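Coordinate-derived values only; no laboratory data. Because the structure is predicted, anything quoted here is derived from the model rather than measured. With ideal geometry, Cβ positions are generated from the backbone for all residues, glycine too; neighbour counts draw on all protein chains shown.
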Amino acid sequence: MFGYAQCRHEGNSSVKKSSILELLLIPALLTGMPGSINAQDAPSEETISFFKLNCMSCHTIGGGRLTGPDLKGAIERADEAWLVDFILDPKGVIDGGDPYAVELLRESRGVYMTKVPGIDRARAEKLVKLIISESLKERSQFAGLEISDRPLTDADIGRGRELFMGATQYENGAPACLSCHTVSGIGGLGGGRLGPDLTNAYDRLEGRKAVSAWLGAPPSLVMQPVFKDHPLDGEEVLALVAYLKSVAESEVGVAPVSTLKFVLSGFAGSAFLLLLLDFLWRRRYRATRRPMVRNRHHAAMGSKS
Amino acid sequence: MVFHLDKCIGCHTCSVACKNVWTDREGTDYMWWNNVETKPGTGFPTKWEDQESYKGGWKTDGEKLELRSTSKKKIIPNIFHNPSQPSLDDYYEPWTYNYDELFNAPEGDDQPVARPISMITGEPMEIEAGPNWDDDLGGSEVYAANDPNLDVLSDEQQQQMKAIERMVMFYLPRICNHCLNPSCVAACPSGAMYKRGEDGIVLINQDRCRAWRSCISACPYKKTYYNWSTGKSEKCILCFPRLEAGEAPACFHSCVGRIRYLGNVLYDADRIKEAALRPDDELVEAQRDTILDPHDPAVIAAAQASGIPDGVIESAQKSPVYRFAKEWKLGLPLHVEYRTFPMLFYVPPLLPVMSISDGDIVRSDVDELFAEVEKARAPIEYLGKLFSAGNVGKVRYALRKQLAVRIWRRHVTVGDVAEEMAKKALAEADCTPEQADEIYRLSALATWDDRFVIPPFQREMAMEMMTDPHEHRASAGFGSREEPRRS
C-alpha cells in the first residue's frame, strides 16, 4: 500500500526532520560511539536522495538483505575507511582479495556491487556517515519499500502483464518494460533488446523483496535516468513482481523469440514491403531506349525464324 | 526565335558551339542544350515526344489546365523519387577516349587503339548510344521506326517513308523553347525556376534549385537537365550574357545555314490561360492570338503604360519572329499540343520532289519541281503532328506559301514561269508579290542585323520594374554566393 512515491515524499520533508535527528544524535555522541557526528555533519538532503537513487535497490538499512547486505550496523562489521574505499571501487577491493569483501561477494551470490556513477571520496564519506546515523535509528527511512506482502493474485499477474506490455500506462509516465525488455510468452516478435531478457529475473534476484526494490528505484545506468523522474508506484511494482514471478514459474523451455527468427522475419517483412511497393508503383517509368532496341531485335529474330 | 528548317543542313555546328561554351563541365557532359535531331527519329533523349512515358507538359479537360507529371495527389507518394524521368541510358553515357594510349603506346605488332572511357565512372565502357545515335536515319529500323509521330500515318505511308529512293528525312534543331506557359516553372517545388520579365528567358536559379528534378519530368521537350556533379538542374539560358552585350546566342551566331532568327514579340499574358484550354487543332491560332501587333498604336500605348521601354517596342516592330510567326504565318510551334506555347517557331521544311527517276531518265521539269505540297516527300500529316498538333491546314498553308514564293522568284530571276501563273500561285497561297519578296529577302539574303534583332537590354531598369532598390538600401551587404555543388 505504501509505495515508493511515499518514501520520496518523506525524503522531501527531511529538512524538517533534521532537528529531530539532532536530538537523536546527542546520545550517540555521549556514549562515544564510533563515527561520531555532530550537528554540522547531519546528512544533507542531497545525500539522502543520492542514497535513495543509487543504493536502495540493493540495500536496506534495517530492512534485511536484498541483493546486497542490510547496512544497519555496517560500521560494526567494517571500519569507516574500508567502507569508503569499498564504495569508491567495489570490484577493485573484491578482486584485491580482501577477505571480508570476498565473503560479501559470496553472500551476494557472486553479484558484484556496481560502482555508482558520479561517486567521489567526499560523497562516499557522506554516504558512510548517513549509513551510520541511520543505523542508530529505531526505524530508518531506508528500511525498504513498504510494498504490501499480501498474496499475489491472478489479477495482479494480469495487471502486471498489461503494464509490461504497455497496454496500461504507468501512473507517472514511465515507459513500458516492453520497449527495452522481453520475457517469454509474449509471442510475436518479443520485446525490446536493449535490456536483458527478464524471463528469469525473478529467480536471478531471488525473490519478491529484491525485485520490488529494484523496480522501486532501478539502479542500472540505463534505467536510472529514465525512471528517476517517473518512478513506479507500489501497486505497479507489486503487479510487475507478480507477473515476473508467474513468468519465471511458467514452464521452462519456452524460450523468448530467437534472434534468428527475429532476423528472418525482418527479411521477410522487407521483402514483402518491397514487393508491395513494386506493385503499387508498377506503372512507374523504367527505361525507354534499351527496351526499344531489345524489342526490335526480338521482333527481327522472331520474323526470321 | 525562328528556325527555318528548309535551310538546316544538319551540321551540328550549333550543338558544338553550345557545348563548348556552356556544357563542357563535369556533370554536364551528357547535356545538349542545343541538339539537332533527324526526323523521323526518336531524338534526344530517346523518344522524348512520348509523353505517355515521360509525362511532360500540360493536359486539360477544357476547363482546367493540369501538369501531366505531377499533382497535389501525386506529390506525396512520389516524394522520394520524381518519376517519369529519362534514365542516363535514355540520354547516353558520356564518354571520352584514352588518347594517351594511342599516342604513347610502345612499339608493337598491333595498331594502338584508344578505348572509350566513361566520363561518369572513368572505366572503359561499351558505347551503346550517343546523342545523335540516329543521325541521318542511322539505325532507322529501330530508331526512326519508333518515332512517336509516325502514329498519324497509314501503314502504306509508313512503308513509303521507309522505301529506298522514297525515304525522307529532315533535321530538327532543338533548344529550350522558352515557353510562354512553361510547365517546368510550374512544376518546380523550390520556386527556383522563373521566366525573366524583360525577355522571357526561362532560367533556373542555381542557389534555390534543390534537385527535385520536377522540371525534368515536366518539360515535354526534355530541355532541362540534371547536373549530377553540382546536384542542380541546368538548361539553355539563351546565352543571356551574350544577349545583354548585344550579341546573338552562340548557337544562333554560329549557324552555318543561317536558319536561326531572334527577336522579341509583345504578347498578352492574360490570354495565355484561355488559349491553353482550347482544343488541339485551335492551339496554333490561339498562340498566335496572344502575340500582339507591335505597330498597333493601342498595343504601343499599352506597352508603354506597362513600363516597356521604347527600345524594346521598336525592336519588337523589327522582329523577324513577329513576321515569320504572326504576319506571314510561316513559323509554327513544335508540338503545341503540350500547351506550353513554345516561343521557338519552325518554318516547316518544304522537301519538294526535286527530280523523278523515270526509267533511265532523271527529269526535273518545272511542273514537277514545284509540285503540289501534297506530293512532297514528307507526308503532310507527319509535319502536322510535329508543328500544328494535327491541324494539317496550318502546315499546308506555310508550305504552299513557301512554294508560291519559290514560283514567284523563279518567275523573277529565271523567267521560265509566266507572271500570270506565278501571281496565281501567290494568290492561292494568300501572299502578295511584295510579301513574297520580303519572305525571300529574310529567308535567303538576311544579314546579321536582319536575323538578330536584339532589344536593348536595360537590366537596371528591368530590375526596378520588379523591385524597388531603395527597399534593400542599407539592408544587404557584400556576401559570397554559394557555389553550386554538392555539400
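Side notes on the structure shown:
- Cα→Cβ-extended label distance, 7 Å offset, between residue A:122 and residue A:179, nm: 3.5
- With R₀ set to 35 Å, the beta-carbon distance separating residue B:305 from residue B:448 gives a calculated FRET efficiency near 0.60.
- Per-residue extension of 0.36 nm, minus the Cα-Cα distance of residue B:428 and residue B:414, leaves a gain of 2.9 nm for this segment.
- At R0 = 22 Å, FRET efficiency that the Cβ-Cβ distance of residue A:224 and residue A:112 yields, to 0.05: 0.80
- Shielding by other protein chains, B:84-90, mean Cβ within 10 Å: 4
- Amide H contacts of residue B:452: B:262, each under 5 Å away and 5 or more positions distant or on a separate chain (H built 1.01 Å from N in the peptide plane; Pro and chain starts excluded).
- Remark on residue B:97: its backbone amide H falls under 5 Å from those of B:117, a criterion applied only to residues 5 or more positions apart or on other chains, H modelled at 1.01 Å from N.
- Chain B - mean residue ellipticity at 222 nm from DSSP helices (-39,500 (n - 2.57) per run, n ≥ 4, rounded to 500): -7500 deg cm²/dmol
- Principal axis extents of the Cα atoms in chain B, from largest to smallest and rounded to whole angstrom, are 77, 71, 46.
- Cα gyration tensor shape of region B:32-127, rounded if a/c is under 1.5, else prolate or oblate by comparing a/b with b/c: prolate
- Cα-centred dipole magnitude for the protein assembly as shown, charges only on beta-carbon of K, R (+1) and D, E (-1), debye, nearest 20: 1040
- Separation between Cα centres of region B:1-38 and region B:383-412, rounded to whole Å: 26
- Of the cross-linked pairs A:209/A:245; B:318/B:385; A:52/A:137; A:126/A:209, those separated by over 20 Å at the C-alpha level are B:318/B:385; A:126/A:209.
- Candidate cross-link partners of residue A:261 among the aspartates and glutamates, defined by an alpha-carbon separation under 20 Å and a same-chain spacing of 8 or more, comprise A:197.
- Coupling constants for region B:258-269 follow from the phi torsions by the Karplus curve (6.51 cos²θ - 1.76 cosθ + 1.60, θ = phi - 60°), and in residue order they are 6, 8, 9, 10, 9, x, 9, 10, 9, 9, 9, 5 Hz; glycine and proline get x.
- Simple label model, 7 Å out from Cα along Cβ direction - residue B:114 to residue B:59, nm: 4.7
- Counting only DSSP beta bridges whose two residues both lie in the protein assembly as shown, roughly 90 percent are antiparallel.
- Order of B:421, A:56, B:31 under a 10 Å beta carbon neighbour criterion, fewest first: B:421, A:56, B:31
- Tensor-based shape of region A:154-249 (alpha-carbon gyration tensor, a/c under 1.5 rounded, otherwise prolate or oblate): rounded
- Using a Förster distance of 45 Å, the FRET efficiency for residue B:79-residue A:45 (Cβ separation, nearest 0.05): 0.25
- Approximate spin-label separation residue B:298-residue A:103, in nm, with each point projected 7 Å along Cα-to-Cβ: 11.5
- Average other protein chain Cβ within 10 Å of Cβ, residues A:282-295: 6
- Taking other C-beta atoms within 10 Å as the exposure proxy, B:408, B:22, A:214, B:448 rank B:448, B:22, A:214, B:408 from fewest upward.
- Close amide H contacts of residue B:347 (hydrogens built in the peptide plane, cut-off under 5 Å, sequence separation of 5 or more or a different chain): B:3, B:4, B:5, B:332.
- A straight Cα-to-Cα reach below 20 Å connects residue B:72 with the aspartates and glutamates B:52, B:61, B:63, residues fewer than 8 places away in its own chain not being considered.
- Note on B:284, A:247, B:152, B:362: ascending count of other Cβ atoms within 10 Å places them as B:362, B:152, A:247, B:284, the fewest first.
- Distance violations [Cα-Cα > 25 Å] among B:394/B:423; B:55/B:375; B:47/B:375: B:55/B:375; B:47/B:375
- Average Cα contact separation per residue, chain B, under 8 Å, 6 or more apart, as relative contact order %: 19
- Shape of region B:264-451, Cα gyration tensor, a/c cut at 1.5: oblate
- Each Cα pair under 8 Å and six or more residues apart adds its sequence gap; the mean of these over the residue count of region B:264-451 is a relative contact order of 17 percent.
- Dipole of chain B, positive end: most advanced residue of B:304, B:120, B:161 [Cβ charges, Cα centre]: B:304
- The stretch between residue B:136 and residue B:96, if pulled fully straight at 0.36 nm per residue, gains 12.1 nm over its current Cα-Cα span.
- Descending by average beta-carbon neighbour count within 10 Å, the peptides B:169-182, A:164-177 line up as B:169-182, A:164-177, the highest first.
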